[in-house]
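Right, one structure below, let's go through it.
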Amino acid sequence: MARVKISEFRAKSILFSELDVKYYGLCVNRSDDIDKIISSLSSDQTYVIKIDQGIKKRQKEGLLFKDIKKIQLKDNARKLFSKGYDNLLIEEFIPHKEVEEYFLSLERLRTGVFSYYSKKGGVDVEQNKNEVRNDLLNEKTFSRIDDYFEMKSGITKKIFSVFEDQYFSFLETNPFLVRGGIPFFLDLAVEVDDTAENLTGIGWKRSDFVQAKLNLTPEESKVQSLADKSSASLKLKVLNPNGSIFTIFSGGGASIVLADEIGNTGKVDELADYAEYSGNPNEDETYLFTKEILSLMKKSTGKNKVLYIAGGVANFTDIRSTFKGVIRALEEYGDGLKKQGVKVYVRRGGPYQEEGLKIMRECLAKLGILGRVAGPEEILTNIIIKK
Amino acid sequence: MSININKIRSSIPQIIMIGDYPPIIQSIMDYDFLCQKESPSIQAIIGANKRGQRYFWGKKEILIPFYNNLDETPNHLNDRINLFLNVTSARRVNFTSEITVNALKNIMGGVIFAENIPEKNTLGLLEIIKNKDIFLIGPSSVGLLIPGKLKLGAIGGVEPRQLYNPVLYNPGNIAVFSASGGMTNELINIVSGFGKRISFCLSFGADRFPLTTPVDAILTAENDPKTTHIVYFGELGGTDEYEIVKLVRSGKIKKPIIAYIGGSISDHFPTPPQFGHAKALAKDKLETAKEKLEALKRSGVKTASSFTEYVKLIKSIPDVSKDIFAVDVNYLDLHIRKKALFASSISKETPSGVEILGEDQLTLSKNNSFSYIVSSMLLGRKIRSKELEEFTDLTLKLLVDNGPSVSGALNTIITARAGKDLVSSLAAGLLTIGKRFGGSVNGAADNWLNGVSSNINAHDFVEEFAKNAKIIEGIGHKKYRIDNPDPRVIELVKWSTKLKSGKFLKFARSIEAITSEKKANLILNVDGAMAAIFLDILSEKEGFSLKELKELTKVEFFNAFFVIPRSVGFIAHYLDQERLDEGLFRLPTEEISYVKRP
């Protein structure tokens, strides 16, 4: 449902293959046997080793080492892993001068695919903003960019075609070199439209998505895999594992309003998670989803824990059936929640709200964790403000 | 793309559903019913594997027709449709929307419900309506609501109890917009809670490229004479709000806007989470909730820094509307109605007897002939022409029997001689009816219909069948030949001179002219002649369009005119055999020759 970064390795593999350029890259995961992977490399040349997790400004942040000999690769890999990252990319180092470093970006806008480009690329591209040109890509402008970079005719069009066919949303290469009229991307970042997962043929897949975040918690991964299989939207982000304010929000817009209100109360530091479901998930889905948040809650060392089960007035999400799932999970964790003195605050409206709110109230009272249950007669954010 | 709300207000909304989504469809039906419209705005549903689906109209059920695609819908329906609601999946939504927009000449616009449409495809949807006076709202939109007039989507809710809210029926002066469906509904709820009323509201959907943008929506409200105030709920991510700022500054938008931008919480995190909506992630400072809110504020838009404050601002909007409409108290219990297991549009039981096609059975029987009742019941509505009644009468008489040697009669006779009862013997005869015996009236009708609809010439038509080594149903007889024609066919054709054009019979005869050249017994048979003449009557005298005739062949309507009279013949043969009582029949051995397969 959004733009997501794919690994540099995959992005380069896709693009280079379309341009008929040979590309060698080695992916190294923290759990891999690095000696074995490196063993195939020649000692006659040097290498670049860098984090491949969609991080910007790697050079400035010290997340990229270049001109590295084979025997030093392992040490450098360790250094990068020690910063908490999991995925590295090793490529051959291509000696070049700074003036050869060019910059090119493509982004999908409402009006079409828009490009920024400049011959003054590299780490200082931002200082040379005035040099940056821009064009909306089409048959008329392809050649302008080819000519500017002295690339062979048709190269920009090819890049554009890959961008279209592979449902890219954003592409940035900085720097890239042009040798013999052919571009060579040293650093490449690509964002794809994840809704097109099944439309790209042998291009990218979900497994190519990278996250800057170091590790998903087990709860986040479980929700992720639940969401992958569902037509509804299910999201969980852990913000503070030892927080005391837990949320199960519903509705993309309402969840933001509710989170804002927690921000307004000055308790952001206590906010443990952002969890949101919408699009009428079924009972089993809300059950499994809720279990993950309750699991986080159980583990948290926070004090005076509260759980907000809150959302707007739904249009088509069935309150009764979604709540049935939530209740099943609450019952499973009931004793633990009571022992921890958890209070649950509920606000919701929509189809079958009367039944939904009633069974929720009864469940919370029975479990001894009832804070308050409110319907749409109360303003959405009241549940956060008024205890 | 601005939407002409007043044009919709002055129209009679006629909606086609692209795809089936029962709770939403029912909610629109309920809304229309509670509005006291005479008939539902939903005219038809495009979906597979059904011809109709029952929905509640109030507490009663009515049938909404289903069609596989817009080629099958009757032309008068296509001409009438002015709005669509597309609930097909993200994978099919571009394809189905393009067809819809191009097929319906009076379409004003539609709503796209699907979530997870790739950005590129959404922009493709924009291309579809380029240079056309058509609006599209979505993707992932709950729709458009104009109080008392139109509910195009899940907007306002899908449960009957949600639809009792007076805000949905009484027009007011406040336009409400949000990317979020839930927040749109939340805001309607807030406006309603203060006793205020809306002029219209819509949710543009929270994708990156909404087809109707916030700016489009606000311009729509600016141009709408009924709107005095605009309530806008925005979120972090994207830069739409700066466009609004420009329009406000340039004086293009004069009506007061009350705005809140959700997502200030995001600034508290070093790497903010992707919130629920695709767009809800600030790429840079400009896209943060705070910056956007500040920019709006500087341009003179009334902004709130918290939701509570926002609600207060909404409360202060002057309200000029009066409630002129209340939901009928007799219908406040729609949520407890129950769907029946079966539906029938032929007859029903009444306290005093049975009603057939809307008329008391006794009255119907006293005043009409058997043929009138048979043809009306088979058609599912009372027939309008004397000709259909007459021709039905003729076929019922002509087809009662064709001698004891034909397959069906013979099977009845053999079964009767085996000592079986009436119904078993009749069934044995009936079960013989099929493509080769008696059951080709419908196949023949389908042939003539396809031929006439496609304007194909007779020669090509015959070639097509020859190429596929298929027989032409309606052509050919075991006994009769071109020089020794079937007297029944002669009789039927003689009758048909009463008709004007007789285009189906003409076509059938042109086929016969070619096939009988090839082989003398490839003549128009009784099935083929009947089929052609029935088609001609239905088309000329009963007003059936080609598409409607196609619907009849799909349900095997035409075979009924063989099955009914021939049942009489089979029963007669059964009774006859019973009276003769010759005992069990055994085929003499020499009548079966033992052959070896090569």
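The values are calculated or read from the model by the stated rules, or taken from the named source; none is laboratory data. Given the structure is predicted, the values throughout are model-derived calculations rather than measurements. Neighbour counts are summed over all protein chains in view; Cβ atoms, including those assigned to glycine, are modelled from backbone coordinates with ideal geometry. What goes into the accessible areas is simple: the full protein's heavy atoms, side chains included, and nothing from ligands, DNA or RNA. Shrake-Rupley method; radii C 1.70, N 1.55, O 1.52, S 1.80 Å.
Below, the figures for the structure above:
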item: Filter result (under 27 Å from A:VAL192 (Cα atoms) and not acidic (Asp, Glu)) within the stretch A:74-92; result: A:LEU80, A:PHE81, A:LYS83, A:GLY84, A:TYR85, A:ASN87, A:LEU88, A:LEU89, A:ILE90
item: Residue list for the stretch A:304-319, filter: within 14 Å of another protein chain (Cβ to nearest Cβ) and either touching a Leu at 6+ places or on another chain (Cβ under 9 Å) or in contact (Cβ under 8 Å) with a residue 40 or more places away in the chain (or both); result: A:TYR308, A:ALA310, A:GLY311, A:GLY312, A:VAL313, A:ALA314, A:THR317, A:ILE319
item: Yes/no for A:ARG347 being open to solvent by less than 30 Å² (accessible area, probe 1.4 Å) and part of a strand (DSSP E or B); result: yes
item: Conditions (1) out of contact with any strand residue (DSSP E or B) (no Cβ under 9 Å at 6 or more places or on another chain); (2) more than 27 Å from B:GLU159 (Cβ to Cβ); (3) assigned to a helix (DSSP H, G or I); (4) open to solvent by 60 Å² or more (accessible area, probe 1.4 Å); number of the one not met by B:GLU309; result: (1)
item: Selected residue (only one of B:THR96, B:THR100, B:THR122 is within 30 Å of A:VAL192 (Cα to Cα), crowded, with 18+ Cβ neighbours inside 10 Å and within 13 Å of another protein chain (Cβ to nearest Cβ)); result: B:THR122
item: Residue match in the stretch B:248-267 (condition: in contact with a helix residue (DSSP H, G or I) (Cβ under 6 Å, 6 or more places away or on another chain), more than 10 Å from chain A (Cβ to nearest Cβ), closer than 25 Å to A:THR381 by Cβ and assigned to a helix (DSSP H, G or I)); result: no
item: One residue from B:SER425, B:SER440 being under 27 Å from B:ASP576 (Cα atoms), open to solvent by less than 20 Å² (accessible area, probe 1.4 Å) and among the hydroxyl-bearing types (Ser, Thr, Tyr); result: B:SER425
item: Scan of the stretch B:320-335 for residues that are away from chain A (no Cβ under 14 Å), open to solvent by 50 Å² or more (accessible area, probe 1.4 Å) and of a type in the set (A, V, I, L, M), ordered by number; result: B:VAL320, B:ILE324, B:ALA326, B:VAL329
item: Residue, farthest from A:ILE359 (Cα to Cα), within the stretch A:373-387, restricted to residues that are out of contact with any Ser or Thr (no Cβ under 9 Å at 6 or more places or on another chain) and either open to solvent by less than 20 Å² (accessible area, probe 1.4 Å) or more than 9 Å from every other protein chain (Cβ to nearest Cβ) (or both); result: A:LYS386
item: Identity of the residue in the stretch A:1-50, in contact with a Ser or Thr (Cβ under 7 Å, 6 or more places away or on another chain) and over 22 Å from A:ILE68 (Cα atoms), that ends up most open to solvent (accessible area, probe 1.4 Å); result: A:MET1
item: Subset of the stretch A:150-189 that is closer than 20 Å to A:GLY122 by Cβ and within 14 Å of another protein chain (Cβ to nearest Cβ) - its residue that is least open to solvent (accessible area, probe 1.4 Å); result: A:LEU171
item: Residue count for the stretch B:270-287, restricted to those that are in contact with a helix residue (DSSP H, G or I) (Cβ under 7 Å, 6 or more places away or on another chain) and within 12 Å of chain A (Cβ to nearest Cβ); result: 6
item: Inter-residue pairs, beta-carbon under 9 Å, first open to solvent by 90 Å² or more (accessible area, probe 1.4 Å) and in the stretch A:125-138, second β-branched (Val, Ile, Thr), 6+ apart; result: A:ARG133/A:ILE145
item: Condition broken by B:ILE317, with the remaining ones in (1) open to solvent by 50 Å² or more (accessible area, probe 1.4 Å); (2) away from every other protein chain (no Cβ under 14 Å) satisfied; result: (1)
item: Considering residues of the stretch B:215-230 that are open to solvent by less than 10 Å² (accessible area, probe 1.4 Å) and not small (Gly, Ala, Ser) only, the residue nearest to B:ASP323 (Cα to Cα); result: B:THR227
item: Residue that is closer than 23 Å to A:ILE319 by Cβ, at the interface with another protein chain (Cβ under 10 Å from one of its Cβ atoms), touching a helix residue (DSSP H, G or I) at 6+ places or on another chain (Cβ under 7 Å) and without any contact (Cβ under 8 Å) to a residue 24 or more places away in the chain, where the choices are A:ALA232, A:ALA259; result: A:ALA259
item: Checking B:THR100 against (1) part of a helix (DSSP H, G or I); (2) farther than 23 Å from B:LEU145 by Cα; (3) in contact with a Phe, Trp or Tyr (Cβ under 8 Å, 6 or more places away or on another chain), the condition it does not meet; result: (2)
item: Answer from B:GLU61, B:GLU72 - the residue that is in contact (Cβ under 8 Å) with a residue 40 or more places away in the chain, of a type in the set (D, E, K, R), open to solvent by 10 Å² or more (accessible area, probe 1.4 Å) and part of a loop (DSSP other than H, G, I, E, B); result: B:GLU72
item: Condition met for A:LEU296 (in contact with a strand residue (DSSP E or B) (Cβ under 8 Å, 6 or more places away or on another chain), hydrophobic (A, V, I, L, M, F, W, C) and either within 14 Å of chain B (Cβ to nearest Cβ) or touching a residue at least 40 places away in the same chain (Cβ under 8 Å) (or both)); result: yes
item: Exclusive hit being assigned by TED's automatic domain parsing to the domain that holds A:GLY243, under 24 Å from A:SER221 (Cα atoms) and in a helix (DSSP H, G or I), set A:GLU292, A:GLU276, A:GLU354; result: A:GLU292
item: Pick from the stretch B:192-214, criterion assigned to a helix (DSSP H, G or I) and within 12 Å of chain A (Cβ to nearest Cβ), ranking: most open to solvent (accessible area, probe 1.4 Å); result: B:GLY193
item: Flag if B:PHE233 is away from chain A (no Cβ under 12 Å), among the aromatic types (Phe, Trp, Tyr) and buried (at least 21 other Cβ atoms within 10 Å of the Cβ); result: no
item: Matching residues, the stretch B:379-417, being open to solvent by less than 60 Å² (accessible area, probe 1.4 Å) and of a type in the set (A, V, I, L, M); result: B:LEU379, B:ILE383, B:LEU388, B:LEU394, B:LEU396, B:LEU398, B:LEU399, B:VAL400, B:VAL406, B:ALA409, B:ILE413, B:ALA416
item: Residue within the stretch B:103-114 that is of a type outside the set (Ser, Thr, Tyr), over 28 Å from B:ASP224 (Cα atoms), open to solvent by less than 20 Å² (accessible area, probe 1.4 Å) and assigned to a helix (DSSP H, G or I) present; result: no
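This table checks each residue for (1) open to solvent by less than 10 Å² (accessible area, probe 1.4 Å); (2) farther than 26 Å from B:LEU396 by Cβ; (3) basic (Lys, Arg).
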{"position": "B:LEU505", "(1), (2), (3)": "no, no, no"}
{"position": "B:GLU512", "(1), (2), (3)": "no, no, no"}
{"position": "B:THR515", "(1), (2), (3)": "yes, yes, no"}
{"position": "B:LYS518", "(1), (2), (3)": "no, yes, yes"}
{"position": "B:ALA529", "(1), (2), (3)": "yes, no, no"}
{"position": "B:ILE533", "(1), (2), (3)": "yes, no, no"}
{"position": "B:LYS541", "(1), (2), (3)": "no, no, yes"}
